[in-house]
Structures are given as C-alpha cells and as structure tokens.
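**Student:** This is the structure, below, for whatever I ask next.
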Amino acid sequence: MLVLGIETSCDETAAAVVARDGEARGRILSNVVRSQLAEHRPYGGVVPEIAARAHVECLDAIVAAALAEAGLALSDLSGIAATAGPGLNGGLVVGLVTGKTLALAAGKPFLAINHLEAHALTVGLTDGLEPPYLMLLVSGGHTQTLLVEGVGRYRRIGTTIDDAIGEAFDKTAKLLGLGYPGGPEVERAARSGDPERFPLPRPMVGRVEPHFSLAGLKTALRQRAEAAAPLTDRDVADLCAAFEAAVCDIIEDRVSRAMELAEDAFGPGRPRWLTVAGGVAANASIAAALARLAAARGFHLAVPPPALCTDNGAMIAWAGAERLARGLVDGLDFAARPRWPLDPAAPAAIGAGVKA
C-alpha cells in the first residue's frame, strides 16, 4: 500500500509517500518539508494569510518532489491523504483542494486526515507500536493527554484550560526579546541560566483534575521580568531556566495524573507505553523529565525522531494508510475543519473554551 500525504495545516508545506505492508509495518519513501519561518519571523508568529499564500506558491512543487524522491507516479499510489483539520482554514483548504484534485485525476481513494490523529499514530510508523498507549500532545496549538485505543478511537484525559505549552514558550520568548520560534530560543537561553533564582508557580500541580494551565505561569514570569528591568543577558537566561523548570514540573505532574486515570486501559501483564508528539517534544529538558517519569511509573517511552514530531507529510500519509487499510475513505465533498477534536464526546474543561 502506497499513500501520498499532504500537510498544510499551519506553517509547514509538506508532502510524503509512505509504504504500509500487510503486517502494518511502515516505511517512509520520501518526506519533503518546506518551513515558512522566514516569512513569519518578522511578525513574531504565524500570519494565516501569509501561510495560505505560501502553501499555494509551493505545494505543487513539494508534491512533485515527494513523488520523484519515492520514484513513483500518481498511478502507482493506493490513495491520497490530506490534512483536513484542525488548523488554519486557509492552509487546510489549499491542501484539501490539492489532494482531492489529485485523487480525482488519478482515480484514487481520498482520505481526509485529522492532524492530531496523525500525530497520535506516528509511533506505529516509527516504532511499530500498536494501541493502547498514552499520548502527550505538546505543540504550539495543543496540549493534551489522550488514551489512544485504536485508529479513530481516542479518549481525551487532560487538556489545557488556557495556553498550549508551545504557545507559552513563544510568548515567553517574545516577552524577553528572544527570536522566533520561541521554543528553541528559550531552551538555548535556559542552558546557561539558574532555575532557582526567580521563583515561579506551578499551576494545577497536585490537582485531581488532569488538566493543564500555563496562563498564571506566563503572568508570573512577566511580573518577575518587569521587576528586574532593564534585563541583562544573565537575567534573561535565569528567567528562561526558571520557566523551563516550571514547565517540566507541570508536565511531570499532569502526565502522572493521566497515567493514573488511564490505568484501566492496560490489561494485566501488558506493557504500558507513553508516547509524545508535537514540536515541544524536541525540548531536551522536557524529554528528560518524561523519561524520568516513565521509568518511575513503569512505563516504556516512545518518542518519534524530531523531524516526525513537528508537522510533516509522512505522518499524514501513515494515518491515511492506516485508515485506508480499514476501508475508512472519504468523499470529495469533505470540508475543512479548523476545529476537530479527537474525542468530541469529552466534557469541556471549565475555562478551556474552544481549546478543549
């Protein structure tokens, strides 16, 4: 089974071809990604209109490059998958129209992919891991813990009631005058900082409900920064280190609570797995905190390589292959879904609004 995957949900334009055999083993034949960082850096964040136009300008070339790298023609494919949501509506429409057009022209099945499901299933491609497993999704737009029960079956455990973790990193970087994207800049500065110098809160830590909150931490950091102004390089490094340490403590506590609530999903003697997806998973301190937690709680930890944690076409192609193998194809009238929760039945977290 050969599936082309197209990803245009935010600020990466990507296409890839993935092969899936009858034993559900996957192999990446090509994976082409064009980042839009240069276009958005002057604005300190993603500008939706600029993102959509950038997708239009290069997506056809990205798809052609992915097919050429795989040594395949459209006629060789088993199906064509494209991200349908969640994400920025303009970008989603660009990818969807392209995917539908190629599917129609080639007479191939079309698969509309939930971007979050693609993240959730990536460990099947990279590690051959089958559900059930617990997943921590940490990105610029989402922070959730989910129990992955199978393709199309997800139970949301915790969510953020305000900022996503990646969003909090970006806002912290902007506050401290660092570059964009904020996550790598904060991590770089934190390496030489003292995490003990500026005391910061750990919102929600110890609470029974499994949700996340980052707004109070972000506010406290701003207050510390204003009190210390004008900031020196040492101040910035210490603030970044304190922020990163607080985030690690929050993640450890919240994921630990999710592990408790997901315990019923793992049968007696069955290995328990924690997986991580999203760009924030590339942060070394967060990865180390999760490794400590997994070891302490008797979980195995599976983290895809950094290139497959951030947005990419291979995860979309793999999700498409998994759905195609189960006959879960979509019509060409499938509309973009800027909001598309993996577990629509999950009760809204108080205060979370649309981010639930």
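**Student:** If you take the residues of region 263-286 that are of a type outside the set (A, V, I, L, M) and under 30 Å from Gly183 (Cα atoms), which of them is surrounded by the most Cβ atoms within 10 Å (Cβ to Cβ)?
**Tutor:** In this case the residue turns out to be Thr275.
**Student:** Restricting attention to region 160-171, does a residue exist that is more than 20 Å from the chain's Cα centre (by Cα) and aliphatic (A, V, I, L, M)?
**Tutor:** no
**Student:** Now for a separate question. Among the residues of region 235-286, which ones are at positive phi and touching a Phe, Trp or Tyr at 6+ places or on another chain (Cβ under 9 Å)?
**Tutor:** Those that are at positive phi and touching a Phe, Trp or Tyr at 6+ places or on another chain (Cβ under 9 Å): none in region 235-286.
**Student:** Restricting the search to region 84-119, which residues are among the small types (Gly, Ala, Ser) and surrounded by 23 or more Cβ atoms within 10 Å (Cβ to Cβ)?
**Tutor:** Answer for region 84-119, where residues must be among the small types (Gly, Ala, Ser) and surrounded by 23 or more Cβ atoms within 10 Å (Cβ to Cβ): Ala84, Gly87, Gly91, Gly95, Gly99, Ala103, Ala112, Ala118.
**Student:** Turning to a different aspect of this structure: Looking at region 124-149, which of the residues that are open to solvent by less than 40 Å² (accessible area, probe 1.4 Å) and assigned to a helix (DSSP H, G or I) is farthest from Pro210 (Cα to Cα)?
**Tutor:** Here the residue is Leu125.
**Student:** Give the residues of region 30-46 that are modelled with pLDDT of 95 or more and surrounded by fewer than 20 Cβ atoms within 10 Å (Cβ to Cβ), sorted by residue number.
**Tutor:** Val33, Arg34
**Student:** For the structure I just gave you, tell me whether Leu72 is open to solvent by less than 50 Å² (accessible area, probe 1.4 Å), part of a loop (DSSP other than H, G, I, E, B), in contact (Cβ under 8 Å) with a residue 60 or more places away in the chain and farther than 25 Å from Leu129 by Cα.
**Tutor:** yes
**Student:** May I pose another question? Can you tell me which of (1) crowded, with 21+ Cβ neighbours inside 10 Å; (2) touching a residue at least 40 places away in the same chain (Cβ under 8 Å) is the one Gly182 doesn't meet?
**Tutor:** Looking at each condition in turn, Gly182 falls short on (2).
**Student:** Condition first: touching a residue at least 12 places away in the same chain (Cβ under 8 Å) and assigned to a helix (DSSP H, G or I). Can you find one or more residues in region 190-204 that meet it?
**Tutor:** yes
**Student:** Can you tell me which residue in region 287-313 is most open to solvent (accessible area, probe 1.4 Å), limited to those that are free of Cβ contacts under 8 Å to residues at least 24 places away in the same chain and closer than 12 Å to Val255 by Cβ?
**Tutor:** Ala296
The values are calculated or read from the model by the stated rules, or taken from the named source; none is laboratory data. The model shown is predicted, which means the values in this text are computed figures rather than measured ones. Positions of Cβ are generated from backbone atoms using ideal geometry, with glycine treated the same way; all protein chains shown enter the neighbour counts. Side chains included, ligands, DNA and RNA excluded: accessible areas come from the protein's heavy atoms. Shrake-Rupley method; radii C 1.70, N 1.55, O 1.52, S 1.80 Å.
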